[in-house]
Amino acid sequence: MGEVESMKQILEILSNCWQVFTDVASNSFQNNTFCTVISGVLVFVGSQLVNEYWLKPIQKYKELRAKISYSLTLYANLYMNPVEYKLANEREEIDVASNELRQLAAEVDAMIELKPKFGFLIASKKVLDGVSNNLIGLSNNLYSPHPDIAIEHNEERCREIYRLLKMKNKT
């Protein structure tokens, strides 16, 4: 019986608190200061939601596009001149370029998950998948047993990345 009485007391206290809250709220809505404070809080919360779920992903997308453009320009000398692995003298530089292109592909894949539903300023999932696949293709094709064929494939991959991201091709 003690537990039942305790629960009744808790429910009665909660009911009284609710009654006080509704009385204060109904009286306070006639007070301009209260309305101003509530509207200010709502505007702040709304702006934080817009910033977090819409503006930040757009900013990250723009930064990612810039990193891709930078890397494609920086490593053009490597992916436009693929070499056979056993003949490569600059393996460390090629490995760094390969890893960076692959990391960019991973960031593009992560962007797909960050993309807001109303992110009309961010490329579609299909476009981002294409960019990721082409970056991985470039990464894999820095070494090639057939460098002449690889050059054509890499050039096409690079053109496709620029086209998909709607960037000016600098290479």
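The values are calculated or read from the model by the stated rules, or taken from the named source; none is laboratory data. Not measured: the values here are computed from a predicted model. Cβ coordinates were reconstructed from backbone atoms using ideal geometry, including for glycine residues, and neighbour counts include every protein chain displayed. Areas reflect the complete protein model, heavy atoms only, side chains present, ligands, DNA and RNA absent. Shrake-Rupley method; radii C 1.70, N 1.55, O 1.52, S 1.80 Å.
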Selected from 116, 138, 79, residue furthest toward positive end of dipole (region 44-169; charges at beta carbon):
116
Placed amide H near residue 144: partners under 5 Å, 5+ positions off or other chain:
83, 84, 85
Ordering of 98-109, 36-47, 53-64 by burial proxy (mean other Cβ atoms within 10 Å per residue, highest first)
98-109, 53-64, 36-47
Averaged per residue, the 1.4 Å probe accessible area of region 54-171, protein heavy atoms only, in Å², is roughly 61 Å²
Determine the dipole magnitude for region 96-171: charges of +1 sit on the beta-carbon of Lys and Arg, -1 on that of Asp and Glu, nothing else is charged, the reference point is the Cα centre, and the result goes in debye to the nearest 20.
440 debye
Across all Cα atoms of region 118-164, Rg and the largest Cα-Cα distance (Dmax), in Å, are 12.7, 45
